[in-house]
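Working notes, structure below.
The values are calculated or read from the model by the stated rules, or taken from the named source; none is laboratory data. Computed from a predicted structure; not experimentally measured. A quick note on method: Cβ atoms are made from the backbone with ideal geometry, for glycine too, and the neighbour counts reach across all protein chains shown. The area values use the complete protein model at the heavy-atom level, side chains included, leaving out ligands, DNA and RNA. Shrake-Rupley method; radii C 1.70, N 1.55, O 1.52, S 1.80 Å.
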Amino acid sequence: LQAAAAQCALALLGVAGLPPAAAEDVLLPALLGVAAAMPCEPGNALSCECLRALLALVVGGGLSARALEGSVLPLALAKGEVSRPAGERVLCCRLLGALARAENAGAAFVEGGFLGRALALCQDTEHVVRAVMAEELQPICVALGADLASGAPLQELLELAADEQPEVRAAAFASSAALLGAVTAAARRDSLEPSIRMAVASCTMELETS
């Protein structure tokens, strides 16, 4: 029943002209309630459906800044606590990326609301969490703007690009390439481009010796 409800929510979000109030007052509380109570485990179909619907609502549902800060952000931060299971910390990463993409979010909201948590998740002990956070650093950096993105967020991304786990390095490489036009010229020249060139050279060497 809950999976069907999540699919229904996705369908409603695709309806042109859906009033933002309907999304905020009806869909959002229902999806947040399910997400809050449900453990996020790999392979859980209900988790996937609910997450897809919730992320779509946050990104494109026209939610107000009040709803983003007062309803979505608290759930994301709670799921990202170090004591939570890895699957819930992954949900936190996804929600932080969605919040950065949200229509009514801005640099001040991202920096003051959750940048610190996002950077902490880059150092998570579980590589799957680090990999997802590496992906979500891209929209977070874009939302922050070039000057802010070129500081601590870029440094964390560069560390992830040298992670011991291939999955994490691959995610960091993709985000790095996507951010070439979203950081300052100095950061691009001195940090981002050398990191990308190093990753490409490493892959080329592995192919040549395999």
Next item on the list: Assess whether G116 counts as being surrounded by fewer than 17 Cβ atoms within 10 Å (Cβ to Cβ), within 21 Å of A30 (Cα to Cα) and not hydroxyl-bearing (S, T, Y).
Entry: no
When segment 163-194 is checked residue by residue, the ones that are under 11 Å from E135 (Cα atoms) and hydroxyl-bearing (S, T, Y) are S175, S176
Just one listed residue, out of A3, A9, is crowded, with 18+ Cβ neighbours inside 10 Å, out of contact with any Cys (no Cβ under 7 Å at 6 or more places or on another chain), in a helix (DSSP H, G or I) and modelled with pLDDT under 75, and it is A9
In segment 132-158, residues that are acidic (D, E) and under 15 Å from S191 (Cα atoms) total 2
Subset of segment 155-197, residues of a type in the set (K, R) and either surrounded by 18 or more Cβ atoms within 10 Å (Cβ to Cβ) or within 18 Å of the chain's Cα centre (by Cα) (or both), comes to R169, R188
So, first residue closer than 14 Å to A134 by Cα in segment 91-116, second residue open to solvent by 10 Å² or more (accessible area, probe 1.4 Å) and not in a helix (DSSP H, G or I), Cβ within less than 7 Å, six or more apart or across chains; the pairs are L91/C40
Expected single match for under 24 Å from L73 (Cα atoms), charged (D, E, K, R) and modelled with pLDDT of 95 or more among R169, R117 is R117
Quick count over segment 198-210, residues being open to solvent by less than 90 Å² (accessible area, probe 1.4 Å) and under 13 Å from S176 (Cβ atoms), is 2
Exercise. Are any of the residues in segment 143-155 modelled with pLDDT of 95 or more, more than 23 Å from N104 (Cα to Cα) and not small (G, A, S)?
Worked result: yes
With criteria (1) closer than 30 Å to L158 by Cβ; (2) aliphatic (A, V, I, L, M); (3) open to solvent by 20 Å² or more (accessible area, probe 1.4 Å); (4) free of Cβ contacts under 8 Å to residues at least 40 places away in the same chain, A37 comes up short on (1)
